[in-house]
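The values are calculated or read from the model by the stated rules, or taken from the named source; none is laboratory data. Keep in mind it's a predicted model, so treat the numbers as computed, not measured. Cβ atoms come from the backbone with ideal geometry, glycine included; neighbour counts cover every protein chain shown. Note: areas computed on protein heavy atoms with side chains; ligands, DNA, RNA excluded. Shrake-Rupley method; radii C 1.70, N 1.55, O 1.52, S 1.80 Å.
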Amino acid sequence: MIQAVIVDVDDTLCLTEAVCFDLENEVLTAMGRDPMSRAVHLATWGEPLLDAMLKRSPGVDLDRFAMTYRQVLRRYVADGRLDEIAPENLHALDQIVLDGRTVMLLTSRTESEVEHMLVPDHVLAQRVSAVYHADNTRFRKPDPRAFDELLAATGLDPEQCVYVGDSPGDAQASGGAGLHFIACLQSGVRKREDFDVRHVSAFIHTFSELVDVVRRLDAARLPPSSRTAEYEPSP
């Protein structure tokens with residue numbers, strides 16, 4: 001039985017790429033640096049933020065960027081511009097829990113980038129049992145070892161877990177670790193041809209489709225490596 005559904009944050013649970021592009025350029029402008037192009041942002045989307053910023057703004061002072069970023073991030077969150085979770089996505093999480101499965105988050109963000117989602121009164125508090133991020137895991141996606149701490153803490157076998165994310169790196173990490181992987185295409189940033197389908201159990205076009213797809217995967221009772229043929233990408 002599939003016991004755990006593990007969810008990526010950016011452009012999966014929340015649609016964030018466009019907002020992060022604005023946020024990061026606001027930080028660069030505050031530092032007196034030229035803004036990046038959208039093409040550069042898209043090309044590096046999914047990488048850990050500070051790693052990506054070396055490509056988005058070569059020569060940037062990462063310590064100063066991180067300090068300024070935290071200040072602007074808090075304002076964006078307070079204004080409701082970043083990390084707002086759609087009601088239908090929360091409903092999907094509720095249905096997954098009602099099906100008897102555990103919901104967890106696994107993201108490449110740092111703790112400071114997710115701390116606002118970890119407070120006791122956040123909408124995820126009663127829905128998500130654990131959050132794994134760059135500061136409580138040793139490895140980062142696309143390294144399959146990004147799931148090591150989660151699997152060790154839960155005692156689950158990889159085939160008992162589903163990871164849902166939006167990037168080829170997400171697929172590579174979960175496929176390499178032996179998890180089922182569901183690719184969420186809702187943001188429109190990536191298309192199904194961007195993925196190595198050997199790592200993909202199913203594609204979804206909206207996050208709310210996740211509930212039904214997980215049920216179908218569970219009912220089939222096949223190992224992750226057998227999924228792709230049965231769940232071909234939708235047109």
Quick one: count up the residues across the range 87-99 that are open to solvent by 20 Å² or more (accessible area, probe 1.4 Å), in contact with a strand residue (DSSP E or B) (Cβ under 8 Å, 6 or more places away or on another chain) and touching a residue at least 60 places away in the same chain (Cβ under 8 Å). 0
Residue 79 - would you say it is within 16 Å of residue 16 (Cα to Cα), over 20 Å from the mean Cα position of the chain (by Cα), open to solvent by 50 Å² or more (accessible area, probe 1.4 Å) and among the acidic types (Asp, Glu)? yes
Subset of the range 138-168 (residues that are crowded, with 18+ Cβ neighbours inside 10 Å and either of a type in the set (Gly, Ala, Ser) or free of Cβ contacts under 8 Å to residues at least 12 places away in the same chain (or both)): 146, 165, 167
If residue 55 passes every condition in (1) more than 18 Å from residue 141 (Cβ to Cβ); (2) open to solvent by 80 Å² or more (accessible area, probe 1.4 Å) but one, which one does it miss? (1)
With the requirement that a residue be closer than 21 Å to residue 216 by Cβ and open to solvent by 20 Å² or more (accessible area, probe 1.4 Å), what does the range 169-195 give you? 175, 178, 185, 186, 192
Among the residues of the range 19-35 satisfying the criterion of being of a type in the set (Asp, Glu) and under 22 Å from the mean Cα position of the chain (by Cα), which is nearest to residue 60 (Cα to Cα)? 24
Examine the range 42-62 for a residue that is among the aromatic types (Phe, Trp, Tyr) and closer than 28 Å to residue 182 by Cβ, and state whether such a residue exists. yes
Within the range 1-109, considering only helices (runs of 4 or more DSSP H) that don't extend past its boundaries, which have at least 1 residues that are of a type in the set (Lys, Arg)? 38-43, 49-56, 62-78
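Rundown of residues vs (1) at pLDDT below 95; (2) assigned to a loop (DSSP other than H, G, I, E, B); (3) open to solvent by less than 60 Å² (accessible area, probe 1.4 Å), yes/no style:
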residue: 210; (1), (2), (3): no, no, yes
residue: 213; (1), (2), (3): no, no, yes
residue: 219; (1), (2), (3): yes, no, no
residue: 222; (1), (2), (3): yes, yes, no
residue: 225; (1), (2), (3): yes, no, no
Return the residues of the range 100-125 that are open to solvent by 50 Å² or more (accessible area, probe 1.4 Å) and touching a helix residue (DSSP H, G or I) at 6+ places or on another chain (Cβ under 9 Å); say none if nothing qualifies. 102, 118, 123
In the range 23-43, residues that are free of Cβ contacts under 8 Å to residues at least 40 places away in the same chain, open to solvent by 10 Å² or more (accessible area, probe 1.4 Å) and on the phi < 0 side of the Ramachandran plot total 12
